[in-house]
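Right, one structure below, let's go through it.
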Amino acid sequence: MPDKNIVILISGNGSNLQAFIKLQNTEALRGRVVAVISNKADVYGLHRAAEASIPAITIEHTQFDSREAFDAALLLEIDKFSPDLVILAGFMRILTANFVTHYRGRLLNIHPSLLPKYPGLRTHQRAIAAGEQYHGASVHYVTEKLDGGPLIAQSKTSIEENETVLSLQRKVQRLEHNLYPATANLLLIEKIRLIKDTVYFENEPLQENILF
Ligand code: GRF
């Protein structure tokens with residue numbers, strides 16, 4: 001089976017992107033990163049892509065009159081690379097229904113919480129403040145619902161007594177760099193798929209999130 005095409009969307013640092021670059025074209029990730037697209041110019045993730053000789057493209061959302069117009073331009077650019085998989089890796093934009101529908105079943109996001117807990121921003125701070133014992137990250141298919149698409153896999157870590165937002169962020173990010181490519185690979189090797197709103201694992205509905 002030839003390696004599949006992965007397009008990665010970013011808005012910033014790109015440490016998750018780096019994890020994909022490191023593993024691409026191996027047994028651990030049966031795909032190659034064919035393009036990296038950012039909605040912000042000059043972010044560090046674009047340099048990581050260029051360093052790895054991957055097309056690093058900027059499409060600034062501020063140049064468009066509407067969300068629809070930006071998403072339409074983004075979609076056209078992505079499709080030039082015939083993606084089997086589109087990865088949102090710290091891409092800080094809400095996507096239109098049209099965009100999300102176009103990539104249904106091949107669009108993934110990672111969110112720094114154990115969804116359905118803590119959708120939205122400042123998840124680490126909120127988990128600490130609520131006295132949670134555990135925090136982590138989740139990978140889900142993207143559908144029209146923000147941070148609410150069908151869950152595939154999670155990784156969790158404990159919140160220690162002296163945990164700070166920064167230390168928790170670091171721990172969760174380390175988990176993400178393993179969790180995200182590993183989950184993406186399940187899709188690339190066709191072990192998981194999305195049918196309607198249900199995740200299937202080896203042709204059976206997934207009963208519980210996969211834990212990495
Ligand atoms: C990650 O922590 C991810 O959970 C969130 O955005 C962050 C992106 O970090 N969606 P990076 O740009 O991959 O370093």
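Summary of values
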| quantity | calculated |
| --- | --- |
| Test: L168 is within 13 Å of the ligand (Cβ to nearest atom) and at pLDDT below 95 | no |
| Neighbours by Cβ (under 9 Å, 6+ apart or cross-chain): first from segment 153-175, without any contact (Cβ under 8 Å) to a residue 12 or more places away in the chain and over 22 Å from I210 (Cα atoms); second surrounded by fewer than 17 Cβ atoms within 10 Å (Cβ to Cβ) and of a type in the set (S, T, Y) | E160/S167 |
| Enumeration of residues in segment 8-56 that are away from the ligand (no atom under 15 Å from the Cβ) and within 17 Å of the chain's Cα centre (by Cα) | Q24, A28, L29, R30, G31, R32, V34, A35 |
| Where V139 falls short, out of the listed (1) over 14 Å from the mean Cα position of the chain (by Cα); (2) closer than 24 Å to I94 by Cβ | (1) |
| Criterion (under 27 Å from Y44 (Cα atoms) and over 13 Å from the mean Cα position of the chain (by Cα)) met by exactly one of L194, L188, L88, L115 | L188 |
| Positions within segment 133-172 being open to solvent by 50 Å² or more (accessible area, probe 1.4 Å) and of a type in the set (S, T, Y), in sequence order | Y134, T164 |
| Residue list for segment 96-115, filter: within 13 Å of the ligand (Cβ to nearest atom) and not in a strand (DSSP E or B) | P112, S113, L114, L115 |
| Qualifying residues in segment 5-48 (those that are aliphatic (A, V, I, L, M) and surrounded by fewer than 18 Cβ atoms within 10 Å (Cβ to Cβ)) - the one farthest from L179 (Cα to Cα) | A41 |
| Unmet criterion (only one of (1) within 13 Å of the ligand (Cβ to nearest atom); (2) at pLDDT below 95; (3) in contact with a helix residue (DSSP H, G or I) (Cβ under 9 Å, 6 or more places away or on another chain)) for L146 | (3) |
| F70 being closer than 17 Å to K145 by Cβ, buried (at least 16 other Cβ atoms within 10 Å of the Cβ) and at pLDDT 95 or above | no |
| Single residue of Y200, Y180 found to be hydroxyl-bearing (S, T, Y), buried (at least 19 other Cβ atoms within 10 Å of the Cβ) and not in a loop (DSSP other than H, G, I, E, B) | Y180 |
| Residue within segment 178-188 that is in contact with a helix residue (DSSP H, G or I) (Cβ under 8 Å, 6 or more places away or on another chain) and small (G, A, S) present | yes |
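The values are calculated or read from the model by the stated rules, or taken from the named source; none is laboratory data. Predicted model, so just to flag it, every value in this text is computed and none were measured. Counting neighbours? That spans all protein chains shown, and the Cβs are built from the backbone with ideal geometry, glycine included. Just the protein is used for accessible areas: all its heavy atoms, side chains included, with ligands, DNA and RNA removed. Shrake-Rupley method; radii C 1.70, N 1.55, O 1.52, S 1.80 Å.
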